[in-house]
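Asker: Dumping the structure here so I can ask a few things about it.
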Amino acid sequence: MISERIEKALNRQLNAELYSAYLYLSMAAYYEASDLPGFANWMRVQAQEELTHAMKFFDYIVQRDGRVTLEMIEKPPEEWESPVDVSKHVLEHERKVTSLINDLVDLALEEKDHATYNFLQWFVAEQVEEEESAGELLRKVKLASESPASILMVDNELGGRVFNPPTDEKGE
Ligand code: FEO
């Protein structure tokens, strides 16, 4: 059983993860329209990952006898100025998600909900990776941004990213 406060906060995070998937899908659409299929692929994979994050919250709420409530998902932006602009947005967004996860951890501690605290540790670790890969993407895109040939090389590289679905019961 989870408290009402925790249930509400977990549902809010479920919505935030779905928004993340929506945002990255919108970035994928932007890149498809910009003829950069590799960048689009990277964003599609990112969107798939976000859906697995959302489902982890969904499953955990159900497991704890809570009630999943789906709210409206905010409309994401559709246009960016450049690949650098998109990559900056990705990093900013992941930093924001990290702070949301940290707030949830604080709430779990406040409510003395150790099981939820434990569940959230996967996300604490995941956000370190999310910020790292967003930062790496931004560095690469910044370096390549002055030359169309370099952007095409990065596009080629990003086209190789594949989605790895969670393999064990913890989704790791
Ligand atoms: Fe679900 Fe990119 O954090």
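The values are calculated or read from the model by the stated rules, or taken from the named source; none is laboratory data. Everything numeric in this text was worked out from a predicted model, so none of it was measured. Quick reminder, even Gly has a Cβ in these numbers, built from the backbone with ideal geometry, and neighbours come from all protein chains shown. In case anyone asks, the SASA skips ligands and DNA or RNA and just uses the protein heavy atoms, side chains included. Shrake-Rupley method; radii C 1.70, N 1.55, O 1.52, S 1.80 Å.
Asker: State the three equivalent ellipsoid semi-axes of the stretch 103-144, derived from the C-alpha gyration tensor as the square roots of 5 times its eigenvalues, in descending order and whole Å.
Answerer: Over the Cα atoms of the stretch 103-144, the ellipsoid semi-axes are 32, 9, 4 Å.
Asker: Follow-up. Filter 75/96; 56/140; 8/96; 56/96; 8/88 down to the pairs with a C-alpha to C-alpha distance above 22 Å, please.
Answerer: Distance filter (> 22 Å) returns 56/140; 8/88.
Asker: Roughly speaking, what is the stretch gain from residue 114 to residue 136, that is 0.36 nm per residue apart minus the C-alpha to C-alpha distance, in nm to one decimal?
Answerer: Residue separation times 0.36 nm, minus the Cα-Cα distance, leaves 4.6 nm.
Asker: If you don't mind, another one. In percent, how large is the relative contact order of the stretch 4-158, given Cα pairs closer than 8 Å and 6 or more residues apart?
Answerer: 28
Asker: Okay, next question. Could you check how much of the accessible area of the stretch 4-158 is carbon and sulfur, as a whole percent, using a 1.4 Å probe?
Answerer: Exposed carbon and sulfur together represent 53 percent of the surface.
Asker: Suppose accessible area is computed on protein heavy atoms with a 1.4 Å probe; arrange 61, 151 from highest to lowest.
Answerer: So, going from the largest accessible area down, we get 151, 61.
Asker: Can you give the accessible area of residue 147, probe radius 1.4 Å, in Å² rounded to 10?
Answerer: Taking all protein chains as shown, residue 147 has close to 40 Å².
Asker: Using the Kyte-Doolittle scale, find the helices of the chain whose mean hydropathy is at least -1.0 and whose Cα atoms extend 27 Å or more along the helix's long axis, counting only whole DSSP H runs.
Answerer: Span-like helices, by this rule, are 4-33, 37-63, 83-110, 114-144.
Asker: On to the next question. Rounded to the nearest 0.05, what FRET efficiency is calculated for residue 99 and residue 128 with R0 set to 22 Å and r the Cβ-Cβ distance?
Answerer: About 0.95, to the nearest 0.05.
Asker: Give the shape of the stretch 64-140 as rounded, prolate or oblate, defined through the alpha-carbon gyration tensor: a ≥ b ≥ c are the square roots of its eigenvalues, a/c under 1.5 means rounded, and otherwise the shape is prolate if a/b is larger than b/c and oblate if not.
Answerer: Cα axes put the stretch 64-140 in the oblate bin.
Asker: Do you know the relative contact order of the stretch 28-87, to the nearest whole percent, from alpha carbon pairs under 8 angstrom that are 6+ apart?
Answerer: Rounded, it is 26 percent for the stretch 28-87.
Asker: Comparing 74, 146, 32, which has the greatest mean-square fluctuation in the GNM of the chain with Cα pairs linked when under 10 Å apart?
Answerer: 146
Asker: Send over a whole-number figure in Å² for the accessible area per residue of the chain, probe 1.4 Å.
Answerer: The answer is 57 Å² per residue.
Asker: Between 67, 44, 12, find the one with the highest GNM mean-square fluctuation for the chain; connect C-alpha pairs within less than 10 Å.
Answerer: The residue that fluctuates most here is 67.
Asker: About its Cα centre, how strong a charge dipole does the chain have in debye, to the nearest 20, once Lys and Arg get +1 and Asp and Glu get -1 at the Cβ?
Answerer: 100
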